[in-house]
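The values are calculated or read from the model by the stated rules, or taken from the named source; none is laboratory data. As the structure is a prediction and not an experimental result, all values here were calculated from the model. No Cβ is skipped: glycine too gets one built from the backbone with ideal geometry, and neighbour counts run over all protein chains shown. Surface areas here come from the heavy atoms of the whole protein model, side chains and all, with no ligands, DNA or RNA. Shrake-Rupley method; radii C 1.70, N 1.55, O 1.52, S 1.80 Å.
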Number of protein chains: 2
Amino acid sequence: APAPAPGVGRGRARRGTVAVRAEADTAAAGSGINPAIRKEEAKVVDTVLAGELSKPLTPYCRCWRSGTFPLCDGSHVKHNKATGDNVGPLLVKK
Amino acid sequence: APAPAPGVGRGRARRGTVAVRAEADTAAAGSGINPAIRKEEAKVVDTVLAGELSKPLTPYCRCWRSGTFPLCDGSHVKHNKATGDNVGPLLVKK
Ligand code: FES
Ligand code: FES
């Protein structure tokens, strides 16, 4: 595993509610990309069971701004306009 | 579609190499989340054909730091340690 940047806290060493709040603040203010989704989790991982998808094509969020995360709800459009970014969803086809 | 924030440029109005560079710089310096991947594209969208996946479980990147994007190469670990963020991949199961 790569060494953390000097002077930067290691997430693993921080525990409990206060530490989690501090991490969320850091991510929102600095170069984190997830401002608000499931910040109580050390790492947000989701699993798609492709065989059980109801629609032929399902968009999954990669912008961390969706109100229906892990699904994409189109919020990447607002994010891209506001920041000049170019992110979009991952489309999973059955 | 939501109105762009006041004073913020609209990506669609900018064309050509210089404009694309400007957008990439904005995203890297500001609140964009994709610093470098396929910045020549207006929106980075990828499609997974679930039926054609070679492995039973395939991780897809949501941190925009992977060297094998759209696949996850574990770069989210370094990003999370450096920023206090908590992002991780989308796992697609056959
Ligand atoms: S809402 Fe996040 S990628 Fe579409
Ligand atoms: S490398 Fe981006 S989520 Fe793993």
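For the reader, a short list of remarks on this structure follows.
- Taking each of A:78/B:93; A:43/A:93; A:39/A:81; A:93/B:43 in turn, the alpha-carbon distance tops 27 angstrom for A:78/B:93.
- Interface size B-A, as summed buried accessible area [1.4 Å probe, Å², nearest 100]: 4200 Å²
- Other-copy label distances relative to residue A:93, 7 angstrom Cα-Cβ extension, nm: 2.3
- Distances between copies at residue B:67, taken between label points 7 Å from Cα along the C-beta direction, are 4.0 nm in increasing order.
- Of the residues A:66, A:31, B:54, A:75, the one with the largest accessible area comes first in the ranking B:54, A:31, A:75, A:66, computed with a 1.4 Å probe on protein heavy atoms.
- Residue A:71 - accessible surface, heavy atoms, 1.4 Å probe, Å² rounded to 10: 70 Å²
- Between identical copies, the spacing of residue A:42 label points, each set 7 Å from Cα toward the C-beta atom, reads 4.3 nm from nearest to farthest.
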